[in-house]
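Scroll down for the structure; my scribbles are underneath it.
The values are calculated or read from the model by the stated rules, or taken from the named source; none is laboratory data. Everything numeric in this text was worked out from a predicted model, so none of it was measured. Glycine also receives a Cβ, built like all others from the backbone with ideal geometry; neighbour counts cover every protein chain displayed. For accessibility, only protein heavy atoms count, side chains too; no ligands or nucleic acids. Shrake-Rupley method; radii C 1.70, N 1.55, O 1.52, S 1.80 Å.
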Amino acid sequence: MASQGQNPSKTALRAPGGSGAQSGARAAQAVKFARRTSSGRYVSMSREDMDMSGDMSGDYMNYTVHIPPTPDNQPMDDAMDEAASVAMKAEEQYVSNSLFTGGFNSVTRAHLMDKVIEGGHPPPSFHGSSCAMPACDGKVIADDNGDDLDPCECRFKICGECYVDAQKSGGICPGCKEPYRGGDYDDDDDSAGPPDFAAGALPLPAPGKSDRRVSVPQKSLLMRGQTGELDPNRWLFETKGTYGYGSAFWDKEDAGGGGGGGGGGPPLAGDESWKPLSRRIPMPAAIISPYRLLVVLRLVALAFFLQWRVRHPNEEAMWLWGMSTVCELWFAFSWILDQIPKLCPINRATDLAVLQEKFEPAGCGRSDLPGIDVFVSTADPEKEPPLVTANTILSILAVDYPVEKLACYVSDDGGALLSFEAMAEAASFAALWVPFCRKHDIEPRNPDSYFAVKGDPTKNKRRQDFVRDRRRVKREYDEFKVRINGLPDSIRRRSDAFNAREEMKMLKRMRESGGEMIEPVKVAKATWMADGTHWPGTWAVAAPDHGRGDHASVLQVMLRPPPAEPVRGLLDDDGAIDFSDVDVRLPMLVYMSREKRRGYDHNKKAGAMNALVRASAVLSNGPFILNLDCDHYIYNSLAIREGMCFMLDRDGERICYIQFPQRFEGIDPSDRYANHNTVFFDGNMRALDGVQGPVYVGTGCLFRRFALYGFDPPKTAERESWLKRGRKKKDGGAAKDVEAETRALRSDDDEDDELDAARLQKSFGNSTALAKSVAIAEFQGRPLADHPGIKHGRPPGALRLPREPLDSTAVAESVSVISCWYEDKTEWGTRIGWIYGSVTEDVVTGYRMHNRGWHSVYCITKRDAFRGSAPINLTDRLHQVLRWATGSVEIFFSRNNALLGSSKLKLLQRIAYLNVGIYPFTSVFLLTYCFIPALSLFSGHFIVQSLDVAFLVYLLIITITLTALALLEVKWSGVGLEEWWRNEQFWLISGTSAHLAAVVQGLLKVMAGIEISFTLTSKSAAEDNEDMYAELYLVKWTSLMIPPITIMMVNIIAIAVGFSRTINSETPQWSKLMGGAFFSFWVLAHLYPFAKGLMGRRGKTPTIVFVWSGLMAITISLLWIAINPHKGSAAHAAGTGFQFP
């Protein structure tokens, strides 16, 4: 900061790790805390050991035998547990109220923030009473209900900072002057006891040492419920060995094999049969059998047709015959690649009741479902409005899944303060929105979409206070939107004020020093946070260490992990909403912006996703990961549960990800540019589900973390196919290179060795915490071992233990793993995580998993799982398709080509991935074929010498089979005929524009190494508030429009020329005119949406369109005159001595 010399920093320091950390053991690093209160007082919070209970010698999985509280035996005094809990709560407040920053060759700082957002709407973590210490305005340590915690029996109110000072001064309470009572600590452990914050800094774990400490003994779960009534159902789960064994908990020592087989759980009841969580529903034979038969018939017809075309050339126009035949051969090949993988479509269904019965049985207390980390990525708040991202976050926080098992991570790759404060506002509003959704079963749980739903909001609502609650929440949401939309101006005004103050201070110091002002005072135009400190990320005016590609790591735990037990709410301040019977806990919410430095390749979105994987592994380590774009919100609150039905079912351990279909809102009713893309999502993806699984399409995907880490699925048979053996014989060196690039980490042959943390650090980096989390994620992601067919399961009840408390050690470690240097000399991006090297990193990442033998599942829910936005503007849509097609070209010329895949990749799956890399090249032949009708009309020749009967019969058979296939495909996929036709139209539009440009760009990158940069697709709303489809009519010129415009003009002029020549001809050849005109109309019919898009609205067609149209018309006319001049014109030209060239 500019005033850093005069004003002590409010940050904490960590010893730099240095660039040599990858080659050796990293030196112990420490976190130092300091806080400046609003009164100007600085409180030091350095600490060496923050472990509240010391190193416990017992296993964390063990249970302690308690005497259960019965009606005549109630707990009398929990003072010891409460005293230990106070220290833990103080630590949690340090973490949740701190903004962690750091990076390469820099210290790690923990900014203890007095406030995150301006105004009177702080996040829930900031509520509470004020400290009773003089000259301190800090908040008193509070529990999860928001009630004050009293570390001393005298009830003296004290904040976390002053509590630390008291501990450093000898542990004397400032109120009663008596020592604080400690918790239950191990007397044999010298390091145990109350935390000594004065001992020094807290070291980060060095390689080979444990990074996470065992938490203090939690409060016994054997306490009365919120209503004060005794719950005897909890006794069996809480007291091992007291009341015997049951379905809630089974002794680990009697598991008989642990994770393998079915011996890890209680014996199955004889009167209850095992129930699957999902089932596979084949397509009706009345639909799929004729469909497969028609595919064979059309394939045979194409073979005879192409044979006839090759054997019957047009002697009058060999050039025209040659071009058309080559194009038709390629179209047949492309159709085979697209059609063959569609032979095995299937449907699937889930049983949520069985999922709840197995993992959340009545009377068993906590849920046995595994944890899930939800990733939301954003990069530019200007193109991805913070309000859209905030609504997505709110839908995630309100999802129907165990709160303590859910964590949400927001990756802001732009490092903007606007996104940070918008997430803080969302965390504050979530305290009202999430309990409201749970109380009234709100759907959808995106507030913007919910309040925009037309119809009766009281339908299916049983509570009498629903209308009053809804009115209150709607008013609060309107205020929330005003605050979010006003953040840019608020940040700008605040920054201007602070910068002006810094200039005045600088000027004052210069005057006091007696220096002459030769030049105006210049102070860096910093961006300031609400607490009066510099924003460590990107500034509005770029500066060193504060630019879009040059800033430190930023990590903030905005909502700390919730407690394991439900927390009931109370009446709000106004008494309008009663949450007394609603669980008001919120999932953990983390804001993250990875470090960026000049000279580093940050690998775009793939690099951001891998940073999220590492940070989440250290903080929460959910065995499953849900990936969402910032504009894709959860439309079905049960979607995650439906995905877990597949992951936790029999053979679920071999599933790498669950792909949900993408559904979009805000699309024009006619879907002019096929934005819904239902042919792909409901047709192609459903068909691949019957092979090896759908491809990964970037968002709406539930991953198994262990599969993302590059491991093989369990018990994968090692065999070599003829393709692999042949490749080894022909090119042994190339095969070895490909194997070295795409091989997987083994987990089935020697699991103990492969999952050893020391060995994993060579691939995962030097973070011990990250390496140790791998084995835990693998175990927690296993299905229940409740069936003999489940060979890799876990015992029931293993995940009912509470989550470890979040401490600053873990947060500081997570800051370290998102630094720009961490991936150096590791396998991130090559074998682990999202794969680098392509703009379509999603397809490549999914291909690598399938290539290792994993399977994926396509989950189509009755109610759409997720909904998002799509560009309805023609230019934006073409640029979106251009990015996808360019990535496909990169895949084709890389080692991710399906031809180089392993033997674990099934044949039909290989063909599907091969089509992904080949389909852009169809644009070259499609562009040529679109000009053939015009060339035919100009020249007076057709692709065949005469309209032979055989040609017409073949053409008729091919057309009929194509139509019948389309009808049957519409039947089994559920796609409408209009949607199918829109897809055909946009296939030609994109094929003659974006796909062609993608081929050129891909070849330039492969041959010349020229990188092509792409811009984000804008997700902002239309400026015209009266018309939600205003973007549809906005015409933005792009060079991608030139080929389609040219095709339209050439075909229109060719029809006019051909018709005129035939009319004026002495021997009209109507058959050739009809043939050429028919195909020209076919081309123009496909380009109709493109032409309509060029017209805009109310005659707002850009002038450039008319210029290009006129230029094309003049050029084609002159070209035609030069090729076939009129006889009279030729004679006149010869007489005058001039001849047109």
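Counting Lys and Arg as +1 and Asp and Glu as -1 over every other residue whose Cβ lies under 12 Å from the Cβ of A166, the net charge comes to -1.
Around A912, what is the net charge, scoring Lys/Arg as +1 and Asp/Glu as -1 over all other residues with Cβ under 12 Å from its Cβ? For residues surrounding A912, the net value is +1. Sorting the Cα pairs of the stretch 571-651 by distance into bins of 10 Å, from 0 upward, gives 11, 30, 31, 19, 8, 1 percent per bin. Using the Cβ-Cβ distance between A576 and E357 with R0 set to 60 Å, the FRET efficiency from 1/(1 + (r/R0)^6) comes to roughly 0.95. Taking label positions 7 Å along the Cα-Cβ direction at both K762 and I281, the computed distance is 4.9 nm, reported to one decimal.
According to the Kirkwood relation over distinct C-alpha pairs, the hydrodynamic radius of the stretch 948-991 is 11.8 Å.
In plain terms, the bigger the Kirkwood radius, the slower the diffusion; for the stretch 543-596, with that radius from Cα pairs, at 37 °C and 0.692 mPa s, Stokes-Einstein puts D at 230 µm²/s.
Arranged from highest to lowest average of other beta-carbon atoms within 10 Å per residue, in what order do the peptides 165-171, 504-510 appear?
Going from most to least packed, we get 165-171, 504-510.
Going by a ≥ b ≥ c, the root eigenvalues of the Cα gyration tensor, does the stretch 316-459 fall in the rounded group (a/c under 1.5), the prolate group (a/b larger than b/c) or the oblate group?
prolate
Note on N485 and S1039: with the Förster distance fixed at 30 Å, the Cβ-Cβ geometry gives a FRET efficiency of about 0.30. Modelled this way, with points 7 Å down the Cα-to-C-beta line, the labels at S289 and W319 are 5.3 nm from one another.
Mind giving me the nanometre distance, one decimal, between the label points for E178 and R468, set 7 Å out from Cα along Cα→Cβ? Each label point is offset 7 Å from its Cα along the Cβ direction, giving 4.5 nm. Applying both filters, DSSP loop and at most 11 other Cβ atoms within 10 Å, to the GluC sites (Glu not before Pro) of the stretch 620-714 eliminates every site. Summing charges over neighbours of S888, with a neighbour being any other residue whose Cβ is under 14 Å away from its Cβ, gives -2 when K and R count +1 and D and E count -1. Surface analysis of the stretch 381-515 yields an accessible area of 42 Å² per residue, using protein heavy atoms and a 1.4 Å probe. Take 306-314, 880-888 and order them by the average number of nearby Cβ atoms within 10 Å per residue, most first; the result is 880-888, 306-314.
Peptides 449-461, 531-543, 760-772 ranked from most to least packed, by the mean per-residue count of other Cβ atoms within 10 Å: 760-772, 531-543, 449-461.
Between W274 and F451, how high is the FRET efficiency from 1/(1 + (r/R0)^6) when r is the Cβ-Cβ distance and R₀ = 56 Å? Nearest 0.05. The formula returns an efficiency of 0.80 here. Among the listed pairs K459/K1092; K508/K596; K405/K481, which have their C-alpha atoms separated by more than 31 angstrom in this model? From the list (K459/K1092; K508/K596; K405/K481), the Cα-Cα distance tops 31 Å for K459/K1092; K508/K596. Pairs exceeding a 18 Å alpha-carbon distance, out of K461/K862; K439/K461; K454/K474; K358/K862; K604/K772; K383/K605: K461/K862; K358/K862; K604/K772.
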